[in-house]
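Everything below concerns the one structure shown next.
The values are calculated or read from the model by the stated rules, or taken from the named source; none is laboratory data. Nothing here was measured: the structure is a model prediction, and the numbers come from that model. Quick reminder, even Gly has a Cβ in these numbers, built from the backbone with ideal geometry, and neighbours come from all protein chains shown. SASA here: full protein model, heavy atoms, side chains in, ligands and nucleic acids out. Shrake-Rupley method; radii C 1.70, N 1.55, O 1.52, S 1.80 Å.
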Amino acid sequence: MLPVIFLAGGIFASATQTTAAVTDNEISALISSGRIAQARAEFERSNPTQAQRLFFEGRVAKARGALKPAIGNFRQALRLDPGYLNARRELAHTLMLDGQFSAAEYHFRELLRIDKSTAMRAGYQRFLGTIAARRPMGVSAEFALLPSSNINNGTTNTVFDTTTGRFTIDPGSRVVSGLGARLGVSGYFRKQYSPQSRITLNWGLSGTKYKNPTYNSATGTLALAYEHANERSRWSITPHLRHSWRGDDGDNTAVGLVFSLDRRLSVKNTLSISLGRERRFYPVQSYRDGPVTTATFSLSHQLSPALSVWAGVGGETGRPVADHLKYGAVRVFAGVARAWEGGLNTRFSLELGRRDFVGDYPLTTSPRKDSYYSLSATVFNSRVSYRGFTPRLSCSYSKNSSNVAFYDFDSTDCQLGLTRQF
């Protein structure tokens with residue numbers, strides 16, 4: 001495996017070649033094939049600088065499997081010439097091979113920031129994905145501002161018609177706009193048991209705060225995932241525990257299990273399946289206790305290295321204690337994602353759905369029925385960061401129509417966030 005990886009490193013070293021760089025290609029090939037003396041002789045003909053000499057010795061050490069000496073040489077070359085792109089590329093790659101994932105990630109992200117080569121940037125993204133998959137532990141932090149036209153999903157209706165008359169809807173159930181802030185931290189611990197399987201412990205804690213404490217909330221999660229992968233598919237089974245604290249007395253705990261499968265049907269097409277079931281408990285609102293079952297099927301298609309589309313269907317059932325809260329739901333969704341030159345990334349999605357409830361809604365003679373749609377967009381630039389924090393903007397518009405006046409609403413919500421991985 002290592003000779004192949006070292007050859008990839010050689011490709012790094014020759015990615016931005018001019019006419020003189022043909023010799024560098026030949027030197028790289030000679031080093032990879034073990035003909036070090038011949039490579040050194042060719043190298044000396046170019047009257048190299050001290051930084052180039054350190055870079056050459058680093059490549060030789062890397063080809064021989066001496067990763068730590070290679071790292072030392074690449075770092076010294078960068079100290080002498082901070083703009084030496086080939087040295088930074090090789091340093092990042094060798095740090096990754098040596099298992100120094102945090103340092104490797106830093107240099108790959110620096111390369112994303114300073115290297116304008118589209119082909120090379122795609123390679124950096126792939127290596128960052130490899131690091132994310134191999135790293136045994138990680139922590140990320142997030143801060144986001146949450147402006148919303150309707151933070152409580154309140155209705156625009158003012159009256160509710162019932163079997164006993166018409167009632168005025170309480171202001172607390174009507175539209176309330178506002179600005180919230182969310183702060184969160186999450187992480188994982190991984191244990192690789194074989195090249196195909198691993199166990200990951202995921203955890204997270206986040207809180208959202210508004211001016212009115214009724215809308216405040218905090219959520220803690222803990223999940224243990226067993227994952228298995230081969231050349232064409234990856235599946236996982238994940239038991240989880242979640243607890244939410246809410247300012248409106250809707251505190252709840254959920255215990256559940258999720259099965260996920262990603263199956264590559266062809267080079268460009270992937271099928272994804274997710275099946276889940278959890279039981280929810282509400283200490284103060286026990287009439288909401290009960291199981292929730294979900295299923296999602298989607299197909300994604302890679303139109304080009306920078307453009308992908310997806311579509312799918314999903315279903316959900318809830319069986320709480322109260323008959324009027326029991327429901328079945330279906331939804332369809334589709335989306336498109338595009339990575340542009342310069343690091344800009346955009347993502348758009350559309351979802352339409354319906355919820356049909358079982359028991360008659362209180363004070364009416366029929367069950368509640370909802371239909372909804374939502375549009376969402378996300379934009380960020382992989383080359384823009386501040387002290388390691390990457391900004392991301394997401395906005396959505398959703399419209400819910402219901403035969404029960406309380407649940408007629410629409411909402412425009414945005415999230416301006418900063419995230420960082422440690």
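Within region 114-123, restricting attention to residues that are touching a residue at least 12 places away in the same chain (Cβ under 8 Å) and not in a helix (DSSP H, G or I), the residue that is least open to solvent (accessible area, probe 1.4 Å) is 115. Scan region 154-163 for residues that are under 30 Å from residue 396 (Cα atoms), open to solvent by 40 Å² or more (accessible area, probe 1.4 Å) and part of a strand (DSSP E or B) and the total you get is 1. Against the test of being open to solvent by less than 20 Å² (accessible area, probe 1.4 Å) and within 21 Å of residue 420 (Cα to Cα), the options 111, 91 yield a single qualifying residue, 111. Within the set 166, 182, 190, the sole residue that is buried (at least 16 other Cβ atoms within 10 Å of the Cβ) and either of a type in the set (Asp, Glu) or modelled with pLDDT under 95 (or both) turns out to be 190. Consider region 124-153 and keep the residues that are over 30 Å from residue 171 (Cβ atoms) and among the β-branched types (Val, Ile, Thr). The one that is surrounded by the most Cβ atoms within 10 Å (Cβ to Cβ) is 131. Please verify whether region 288-308 includes one or more residues that are under 30 Å from residue 149 (Cα atoms), open to solvent by less than 30 Å² (accessible area, probe 1.4 Å) and out of contact with any His (no Cβ under 8 Å at 6 or more places or on another chain). Yes - at least one qualifying residue is present in region 288-308. Against the numbered list (1) in a strand (DSSP E or B); (2) closer than 25 Å to residue 297 by Cβ, residue 218 comes up short only at (2).
May I ask you to list the residues in region 224-255 that are in contact with a His (Cβ under 7 Å, 6 or more places away or on another chain) and within 19 Å of residue 206 (Cβ to Cβ)? Across region 224-255, the qualifying residue is only 253.
Scanning region 57-98 for residues that are under 21 Å from residue 30 (Cβ atoms) and in contact (Cβ under 8 Å) with a residue 60 or more places away in the chain yields 65, 86, 89, 90, 93, 94, 97.
Quick check, is residue 176 surrounded by 14 or more Cβ atoms within 10 Å (Cβ to Cβ), at pLDDT below 95 and under 30 Å from residue 399 (Cβ atoms)? Answer is yes for this residue. Remark: pairs (first residue in region 386-414, over 16 Å from residue 149 (Cα atoms); second residue among the charged types (D, E, K, R); Cβ separation under 6 Å; 6+ apart in sequence or on different chains) = 388/420; 389/420; 402/370; 402/408; 403/369; 404/368. Count of region 32-56 residues, restricted to those that are closer than 20 Å to residue 94 by Cβ and either in contact (Cβ under 8 Å) with a residue 60 or more places away in the chain or hydrophobic (A, V, I, L, M, F, W, C) (or both), is 7.
Counting only residues that are farther than 23 Å from residue 386 by Cα and open to solvent by 30 Å² or more (accessible area, probe 1.4 Å), region 94-107 holds 3 of them.
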